[in-house]
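Below: one structure, written as structure tokens.
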Amino acid sequence: MITVDEAEKLIQSQTRNYGTERVSLETSLGRVLAENLLADRDLPPFNRVTMDGIAIKFGAYEKGIRSFKIKATQAAGETPINISAEEECIEIMTGAALPETADSVIRCEDIELKNGMATVKVASISRGQNVHFQGEDKKQNDVVASAPQVISPALIGIAASIGKEMLCVQKLPRVVIISTGDELVDINKTPSPYQIRRSNSYTIKAALQQYALCADTIHLPDDAEMTRREISRCLEQYDVILLSGGVSMGKFDYVPRVLEELSVQKYFHKVQQRPGKPFWFGAHSGGAQVFAFPGNPVSAFMCLHRYFVPWLQASLGVPASPSSAVLNEDVTFHHPLQYFLQVKIYNDNGLLLATPVDGKGSGDFANLLEAGAFMELPAEKSTFIKGEAYKVWRCKL
């Protein structure tokens, strides 16, 4: 049995690069950008008016002119209209291009419009006010978004502004989720008094969708030959196999034996942690990675976020570090295991606080609805005091 840190290092040593592909901008949310995005022109591309008002030459105001004749009205998107005399102005709208003969905009609230004249009501203005000047944000060919980074709504907006209909992104691994066990039935079935509905595969699949990864799912009964046949097929067709159940020491826990028969190299089986102690990890010579989680829902959910998600992020080039939070209550745990405590996270004036969520063990999946993170408490201690800070692994919920 190995430590949590040892398990993490072994898993991180097996990261993979799956290449790149081009996807449409509209389907790129959550993917990892694999190219730098360059401005196709200056941003903004013209001297952009930022307030509704009038456009004037500041020199006229400096000379004491306070009333201006409105020469024309210019909307956003229209060709700029130049003024030909100092006493003239252009009534102009937000987003419009500032005329070359003007350099400042006085907003509507600071003027009075009457009989074709605009009179300034404020005591002072400044040159260039209410104008977003051309190239102030980025010059043509400047990098506007660097790779690698997760594509967010804001990044999509930037990409759209520079005309990128397609984006180069990191390819995602092909993933299959395999649940096992005769005691599990599908959600559209009525379980016997001694069966339960299958939930782990749905939970894991939903969690992965938050990372733009759509996994296939398979359920296997407690049958050694069928387990061997299906895992053999999946080793050829997928980059990653996520197993749930069948990994402990029971008579019908066929997964470790089948993986050995199929020449999947075992890196470890069992980690000094709770929940999730029976966790198994290995790799096939064909390239497939195998994460075999315990069947208990909390165990599988914790192992997914503590081990697989960091592996996925590192493989895609965007490794993420856990944050830290401060315990909001005393906690006692008397076993020589790394304890992953379910907690609620609160932001208290910039300080992350973690309040323990009481549960009934690794089978209490209903408890996951309240907890938003797992706090990692070191195995060397048994008493953890309010005010102490520890790593937290957040679950996107």
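Annotations
- Those strands (runs of 3 or more DSSP E) of segment 37-135 in which 1 or more residues are among the charged types (D, E, K, R) occupy 67-74, 88-92, 104-107, 111-114.
- Tally of residues being modelled with pLDDT of 95 or more and in a loop (DSSP other than H, G, I, E, B) across segment 288-317: 3
- Residues (touching a Leu at 6+ places or on another chain (Cβ under 8 Å) and either more than 18 Å from I241 (Cβ to Cβ) or β-branched (V, I, T) (or both)) located in segment 263-309: V264, Q272, Q273, R274, K277, V290, P297, V298
- Scanning segment 185-228 for residues being at pLDDT 90 or above and assigned to a strand (DSSP E or B) gives a total of 5.
- Contacts under 6 angstrom Cβ, first residue in segment 171-193 being on the phi > 0 side of the Ramachandran plot, partner in a loop (DSSP other than H, G, I, E, B) and of a type outside the set (S, T, N, Q), 6 or more apart: G181/G245
- Count of segment 151-172 residues, restricted to those that are over 17 Å from the mean Cα position of the chain (by Cα) and not hydrophobic (A, V, I, L, M, F, W, C), is 4.
Yes or no, residue by residue, for (1) over 30 Å from I151 (Cβ atoms); (2) of a type in the set (K, R):
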position	(1), (2)
E21	no, no
K63	yes, yes
R66	yes, yes
A72	yes, no
P99	yes, no
S104	yes, no
A118	yes, no
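- Looking only at residues of segment 318-339 that are in contact (Cβ under 8 Å) with a residue 60 or more places away in the chain and either of a type in the set (A, V, I, L, M, F, W, C) or in a loop (DSSP other than H, G, I, E, B) (or both), we find that the one that is surrounded by the most Cβ atoms within 10 Å (Cβ to Cβ) is A325.
- Only one of the numbered conditions (1) assigned to a strand (DSSP E or B); (2) not assigned by TED's automatic domain parsing to the domain that holds V120 is violated by E8, and that is (1).
- Among the numbered conditions (1) more than 30 Å from V150 (Cα to Cα); (2) in contact with a Lys or Arg (Cβ under 6 Å, 6 or more places away or on another chain), the only one that L43 does not meet is (1).
- Of the residues making up segment 216-234, those that are out of contact with any Phe, Trp or Tyr (no Cβ under 8 Å at 6 or more places or on another chain) and either crowded, with 20+ Cβ neighbours inside 10 Å or on the phi > 0 side of the Ramachandran plot (or both) are L220, I231, C234.
The values are calculated or read from the model by the stated rules, or taken from the named source; none is laboratory data. Since we're looking at a predicted model, the values are computed, not measured. Glycine gets a Cβ as well: all are built from the backbone with ideal geometry, and neighbour counts include every protein chain shown.
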